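The values are calculated or read from the model by the stated rules, or taken from the named source; none is laboratory data. A quick note: this is a predicted structure, and the numbers were derived from the prediction, not measured. All Cβ positions, even for glycine, are placed from backbone atoms using ideal geometry, and neighbour counts span all protein chains on display. Just the protein is used for accessible areas: all its heavy atoms, side chains included, with ligands, DNA and RNA removed. Shrake-Rupley method; radii C 1.70, N 1.55, O 1.52, S 1.80 Å.
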Amino acid sequence: MTVTWTSGYGISEAHPFVEWGMKGSHPVHATADTVTFGRESLCGEPARSVGWRDPGFIHTAFLKNLSPEKEYYYKIAHTLHGGKVIWGKPKSFRAPPYPGQKSLQRVVIFGDMGKDERDGSNEYQNYQPASLNTTDALIRDLDNTDIVFHVGDISYANGYLSQWDQFTQQREPRARFPQQRVAVQRHGLRQGVRGAGRDHILRADGEEGQLLVLHGLRDVPVLRGGQRARLAGGHGAVQYRFLDRCLGSVDRAKQPWLVFIAHRVLGYSSGFFYGYDGAFAEPMARQSLEGLWRRHRVDVAFYGHVHQYERTCPVYEERCVPDGHGTVHVVVGGGGSHLSSFTAEAPPWSVYREMDYGFGKLTASDARSLQFEYRRSSDGKVYDSFTLHRD
């Protein structure tokens, strides 16, 4: 488990750590690393000027050798040089099961959430009005959730660094989830490149991905400039070979359900943005990947980017096929940002579509059935669902 927090204490002022352990056991301490950054490490406007805010210090500790599905308690802390310890509030989480363990797994998936103000006040580029509804609906169902995937776009800070604090504060109650993952694109990382190696990160209005990387997401694989062309290059493309190896490495006897996640729609969407030219996806993406999904028997694919909900039948080459012979593609981009419209007519592979805010929830209780529910953020009720069955 990775624990990340911010404070005003640099390493010259205090020693950061996490005290943690199972209830009734003797707690142990995990030392935290400390990083920060200045204006000079950002590469453009407005992040270096009107959007700048001193980030303080970002601390990260790793809690290792966890026992599967056990409840753990932890507190962040700083030991000042005089010996006084400053403690955070006690929190808890449940460790995930080990790979292949038979267990109930409940996975929430959504994209494009952003943040909003509780008091109704306005702010610059305030176009994520429903993000609070989505956040509140997830918190209400906290005890029935094991993993959360935020399928990009993340905070919509757009170069205004204080909005990352607002976003992380809004999502903090979800920190009890044993795992949270993101797919990175566009408002998180975009517009040009700079440097090499790990610094070779796409910019987002001058942020250059710094905020995303430093807020506990240091090991997110970053897609680099020209990625569309290389993916569309087919079987010889770098990303294609990576995906082929990744999907092929799954032991389906231990992990029977295979889910593909991306921010932009690489499969199927009748959102107006994708449908007006007849492609219904990112250019050349589906043509490059559909054979890969079928060969590795990918069950479901999830996307964001289009701010709405849509589900397909099990589909291959634009035709509905029996279960097990194609992949169900689901767009869950209605996490909070302004809604997107659909094409006037629904394509034959589009089973259900709704222009509203919501999120998806996968439930896997065994190797024979995988259930999916689409829930609206406004009330948390189920408005669409399907179940995949396997012998």
With the first residue restricted to the stretch 166-177 and required to be under 20 Å from ASN144 (Cβ atoms), and the second required to be surrounded by 14 or more Cβ atoms within 10 Å (Cβ to Cβ) and at pLDDT below 65, Cβ contacts under 8 Å at 6 or more apart or on different chains are ARG174/GLN180
Candidate set from the stretch 269-290 (those that are within 19 Å of ALA346 (Cα to Cα) and hydroxyl-bearing (Ser, Thr, Tyr)); member that is surrounded by the most Cβ atoms within 10 Å (Cβ to Cβ):
SER269
For ASN65, only one of the following conditions fails: (1) open to solvent by 30 Å² or more (accessible area, probe 1.4 Å); (2) within 27 Å of ASP165 (Cβ to Cβ). What is its number?
(2)
Sole miss for LYS102 among (1) surrounded by 12 or more Cβ atoms within 10 Å (Cβ to Cβ); (2) in contact with an Asp or Glu (Cβ under 9 Å, 6 or more places away or on another chain); (3) part of a loop (DSSP other than H, G, I, E, B); (4) in contact (Cβ under 8 Å) with a residue 40 or more places away in the chain is condition (1)
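For every residue, the table says whether it meets (1) assigned by the TED database to the domain that holds LEU142; (2) modelled with pLDDT under 95; (3) in a strand (DSSP E or B); (4) open to solvent by less than 80 Å² (accessible area, probe 1.4 Å).
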| position | (1), (2), (3), (4) |
| --- | --- |
| CYS43 | no, yes, no, yes |
| ARG48 | no, yes, no, no |
| GLY51 | no, yes, no, yes |
| PRO55 | no, yes, no, yes |
| ILE76 | no, no, yes, yes |
| THR79 | no, no, yes, yes |
Which ranges mark the strands (runs of 3 or more DSSP E) fully within the stretch 323-385 that have 2 or more residues being assigned by the TED database to the domain that holds HIS296, open to solvent by 20 Å² or more (accessible area, probe 1.4 Å) and not β-branched (Val, Ile, Thr)?
350-354, 369-376
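How many of the residues making up the stretch 103-117 are over 28 Å from HIS329 (Cβ atoms) and either out of contact with any helix residue (DSSP H, G or I) (no Cβ under 7 Å at 6 or more places or on another chain) or modelled with pLDDT of 90 or more (or both)? Reasoning before the result, please.
Step one: filter the stretch 103-117 for residues over 28 Å from HIS329 (Cβ atoms), giving 116-117.
Next, from what is left, pick out any that are either out of contact with any helix residue (DSSP H, G or I) (no Cβ under 7 Å at 6 or more places or on another chain) or modelled with pLDDT of 90 or more (or both): 117.
The qualifying residues number 1.
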Which numbered condition ARG311 fails, given (1) without any contact (Cβ under 8 Å) to a residue 24 or more places away in the chain; (2) out of contact with any Ser or Thr (no Cβ under 7 Å at 6 or more places or on another chain)
(1)
What's the total number of residues in the stretch 291-317 that are open to solvent by 20 Å² or more (accessible area, probe 1.4 Å) and closer than 21 Å to HIS235 by Cβ?
7
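In contact (Cβ under 8 Å) with a residue 60 or more places away in the chain and of a type in the set (D, E, K, R) - does that describe any residue in the stretch 72-79?
Initial filter on the stretch 72-79 (in contact (Cβ under 8 Å) with a residue 60 or more places away in the chain): 72, 74, 76-79.
If we keep only those that are of a type in the set (D, E, K, R) as well, we get none.
The answer is no; no qualifying residue exists.
May I ask you to list the residues in the stretch 350-375 that are without any contact (Cβ under 8 Å) to a residue 60 or more places away in the chain and under 14 Å from ASP141 (Cβ atoms)? Working first, answer last.
Quick first cut of the stretch 350-375, residues without any contact (Cβ under 8 Å) to a residue 60 or more places away in the chain only: 351-352, 354-356, 368-369, 371, 373.
Of everything in the stretch 350-375, just one residue is without any contact (Cβ under 8 Å) to a residue 60 or more places away in the chain and under 14 Å from ASP141 (Cβ atoms), namely GLU373.
Considering the stretch 18-53 alone, what residues qualify as being aliphatic (A, V, I, L, M) and closer than 27 Å to GLY88 by Cα? Give the derivation first.
Our first condition is that a residue be aliphatic (A, V, I, L, M); within the stretch 18-53, this holds for 18, 22, 28, 30, 32, 35, 42, 47, 50.
Selection gives VAL18, MET22, VAL28, ALA30, ALA32, VAL35.
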So THR60 clears everything in (1) of a type in the set (S, T, N, Q); (2) closer than 21 Å to PRO173 by Cα; (3) part of a loop (DSSP other than H, G, I, E, B) except one condition, right? Which one?
(3)
